[in-house]
Amino acid sequence: MSTETPTAKLRIGSKWIDGGGATGSTPVFNPSTGEIIAKTPVGSASDVDAAVAAALDAQPEWAETPVVERARVMFAYRELIARHFEELARLVTREHGKTYGEARAEVQRGLEMVEFACSVPVMLSGDTFPQIAESVDGETNRHPVGVCVGITPYNFPNMVPLWMFPIAITCGNTFVLKPSEKVPLSAIRLVELLVEAGLPDGVINLVHGGKEVVDALLQHRDVAAVSFVGSTSVAKHVYQLGTAHGKRVQAAGGAKNHLIIMPDADVDQSSKALAASAFGCAGQRCMAGSVAIAVGSAGDPLLEQLVGFAGKLKVAPTDNNDASEMGPVISGDHRSRVAGYLETAERVGAKVVLDGRDVDAGDAFLLGPSIVDQVTTDMPLWKEEIFGPLLSVVRVDSLQEALAIGRACPFGNGASIFTSDGYAAREFKRHFNAGMIGINVGVPAPMAWLPFTGWNQSFFGDLHIQGTEGVQFYTRQKMTLTRWFESASESHHDPVWKSK
Ligand code: NAD
């Protein structure tokens, strides 16, 4: 690694810090070129102690700052993100490998989270119950929980951090962000812009590293709440360790999302939607459709269109190349892991009908779109989250069989049906075993105003990320009963309602 390679900075209180208590570093690649563009310090518990102490110190004053003033910082932040939109999108492309269009869509979704945070003042209002008992009024209102933590994955370097800290902070909490060590640059830029927007020192802090830092955050006495997004095994660990140490935890995990195609579906529209769902962001989305379930006669015409369409996608490096329609995956190791499923597919009885290994990759971590037909539910292709541009196709005879596959799936993020039959759509919506449902929509990922309602092993916790549930997660309710004694009043008189 060259000594000139920049190192990801930490933000502790009012200061940007190089290195902190790092015990080493990990590389940040540009997946379009294979070059190392930065290094991320492998932080330690001392960084966590410093960041949490800064957040704890800043919290009382920030919580006392009127909520409209806190929201005003978000209005300024929203303007800064809009002004730096292109720069932020280019940064996502550079460190993650998304196409420029995909990166813009990501930044747009993140921006909307900030817009949602601007409306937090309305969402903090409570309930009031005048005269709930004789001379007694009841009310509830929402208070911040304290120091909150966000631990984020590599696949949305900009959007997922923005799922968390804008809401937490506007609710009156202070925050420590621990982004993925693979993509720290977007997180740093987002924090820089938030500081520029006028956030007081210590309200946002940033640390880097892997398991050691995450575990130190989860066990820290002064951390109140933890938001996590990543793979299922780590999500489960985060949930268990965090709750065992008294934190509230929301932990979103991995997925296996099913796309059901009925025989009456529009073949052209649904195959385009399927290709976009499975191969968009090179399949590295937790809401990517990774299994197509073709019902009855839907299979052959769908596959023909899909292979034709996906086979024409322009797979190319994305950095400085806006013509690319599908970019690389995050690393050489990940490309090998995804390709490994193709190597074993035929051995287990499936059929590779489009092979992404044929692409000319150069130094980029490119893998073209792959489609594997005749997949069954006993194969790793169906059982495991692959998280790359590989679509498995399962053939069934009825919607009932498709619903049964959903029931057998341990994950439960998203599922979509393609049909022109309202009854089938309704059956699917009511009975498919997943928390986010699409009807003729390839990626049923909610926007900021709706909760990201993963089920089963795709989510651990109670209150989901985004929407009003997000606000509930970052606040706790206080209930007050009030009685004023008549004798304490200066003007002794009959109750007002008795006077004429
Ligand atoms: P990951 O689980 O490897 O890493 C996520 C975070 O956890 C990172 O910050 C990482 O540093 C940390 N981490 C990794 N291993 C750890 C360990 N053993 N102990 C403690 N912390 C650890 O996930 P990833 O590869 O960065 O992201 C891809 C995964 O995220 C996929 O499984 C995808 O489905 C999932 N994801 C889920 C959602 C959702 O909303 N459900 C959204 C985006 C991504």
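For the stretch 398-500, the strands (runs of 3 or more DSSP E) that sit wholly inside it and include 2 or more residues that are open to solvent by 60 Å² or more (accessible area, probe 1.4 Å) and in contact (Cβ under 8 Å) with a residue 12 or more places away in the chain are 475-483. When the residues of the stretch 253-279 are filtered to those that are open to solvent by 10 Å² or more (accessible area, probe 1.4 Å) and closer than 14 Å to residue 445 by Cα, the one that is farthest from the ligand (Cβ to nearest atom) is 273.
For residue 154, the requirement of being more than 16 Å from the ligand (Cβ to nearest atom), open to solvent by 10 Å² or more (accessible area, probe 1.4 Å), within 29 Å of residue 335 (Cβ to Cβ) and in contact (Cβ under 8 Å) with a residue 40 or more places away in the chain is not met. Quick check on my filter: what residues within the stretch 339-366 are of a type in the set (A, V, I, L, M, F, W, C), farther than 17 Å from residue 32 by Cβ and touching a Pro at 6+ places or on another chain (Cβ under 9 Å)? Once the filter is applied, which keeps residues that are of a type in the set (A, V, I, L, M, F, W, C), farther than 17 Å from residue 32 by Cβ and touching a Pro at 6+ places or on another chain (Cβ under 9 Å), the stretch 339-366 yields 348, 354. Residue 385: closer than 21 Å to residue 230 by Cβ and acidic (Asp, Glu), yes or no? Yes: the conditions hold for residue 385.
Name the single residue that is nearest to the ligand (Cβ to nearest atom) among those in the stretch 228-252 being surrounded by fewer than 18 Cβ atoms within 10 Å (Cβ to Cβ) and of a type in the set (A, V, I, L, M, F, W, C).
Let us first name the residues in the stretch 228-252 that are surrounded by fewer than 18 Cβ atoms within 10 Å (Cβ to Cβ), namely 231, 233, 236, 240-241, 243-246.
Imposing the further condition that a residue be of a type in the set (A, V, I, L, M, F, W, C) reduces the set to 241, 244.
On the way: 241: 9, 244: 14 Å.
Applying the filter and picking the extreme gives 241.
Checking the conditions here, which among 467, 442 is at pLDDT 95 or above, within 15 Å of the ligand (Cβ to nearest atom) and under 32 Å from the mean Cα position of the chain (by Cα)?
467
Which members of the stretch 34-54 meet the condition of being in a helix (DSSP H, G or I) and over 17 Å from residue 165 (Cβ atoms)?
Of the stretch 34-54, the ones in a helix (DSSP H, G or I) are 45-54.
Selection gives 45, 46, 47, 49, 50, 53.
Counting only residues that are modelled with pLDDT of 95 or more and in contact with a helix residue (DSSP H, G or I) (Cβ under 7 Å, 6 or more places away or on another chain), which one in the stretch 4-30 is surrounded by the fewest Cβ atoms within 10 Å (Cβ to Cβ)? Of everything passing the filter in the stretch 4-30, 13 is surrounded by the fewest Cβ atoms within 10 Å (Cβ to Cβ).
I'd like the full set of residues that are part of a helix (DSSP H, G or I) and in contact (Cβ under 8 Å) with a residue 24 or more places away in the chain, limited to the stretch 179-194. Walk me through it before giving the result.
From the stretch 179-194, those part of a helix (DSSP H, G or I) are 184-194; that's our starting set.
Answer for the stretch 179-194, where residues must be part of a helix (DSSP H, G or I) and in contact (Cβ under 8 Å) with a residue 24 or more places away in the chain: 184, 185, 186, 187, 188, 189, 190, 191, 193, 194.
Within the stretch 175-210, if we keep just the residues that are closer than 16 Å to residue 95 by Cα and among the charged types (D, E, K, R), the residue that is surrounded by the fewest Cβ atoms within 10 Å (Cβ to Cβ) turns out to be 189.
Here the condition is being over 23 Å from the mean Cα position of the chain (by Cα), surrounded by fewer than 18 Cβ atoms within 10 Å (Cβ to Cβ) and not small (Gly, Ala, Ser); of 134, 87, 79, it holds for 134 alone. Just to be sure before I move on: is residue 169 part of a helix (DSSP H, G or I), closer than 20 Å to residue 247 by Cα and more than 10 Å from the ligand (Cβ to nearest atom) in the structure I sent? Yes, satisfied. Scanning the stretch 297-333 for residues that are in contact (Cβ under 8 Å) with a residue 24 or more places away in the chain, more than 29 Å from residue 418 (Cβ to Cβ) and not in a loop (DSSP other than H, G, I, E, B) gives a single hit, 332.
Being open to solvent by less than 40 Å² (accessible area, probe 1.4 Å) and closer than 26 Å to residue 414 by Cβ holds for only one residue in 353, 372, and it is 372.
The set of residues in the stretch 213-227 that are open to solvent by 10 Å² or more (accessible area, probe 1.4 Å), farther than 24 Å from residue 189 by Cα and not small (Gly, Ala, Ser) comprises 215, 219, 220, 221, 222. Among the conditions (1) within 16 Å of the ligand (Cβ to nearest atom); (2) open to solvent by 10 Å² or more (accessible area, probe 1.4 Å); (3) touching a Gly at 6+ places or on another chain (Cβ under 6 Å), residue 290 misses just one, which is (3).
Scanning the stretch 55-78 for residues that are closer than 16 Å to residue 145 by Cα and in a helix (DSSP H, G or I) yields 55, 56, 57, 58, 59, 60, 61, 62, 63, 64, 67, 70. Which residue is farthest from the chain's Cα centre (by Cα), if the candidates are limited to the stretch 237-293 and must be part of a helix (DSSP H, G or I) and β-branched (Val, Ile, Thr)? The extreme case among them is 267.
Would you please name the residue that is nearest to residue 67 (Cα to Cα), looking only at residues in the stretch 128-150 that are charged (D, E, K, R) and part of a strand (DSSP E or B)?
142
The values are calculated or read from the model by the stated rules, or taken from the named source; none is laboratory data. Just so we're clear, the structure is a prediction, and the values are computed from it rather than from any experiment. Cβ atoms come from the backbone with ideal geometry, glycine included; neighbour counts cover every protein chain shown. Only protein heavy atoms, including side chains, enter the accessible area calculation; ligands, DNA and RNA are left aside. Shrake-Rupley method; radii C 1.70, N 1.55, O 1.52, S 1.80 Å.
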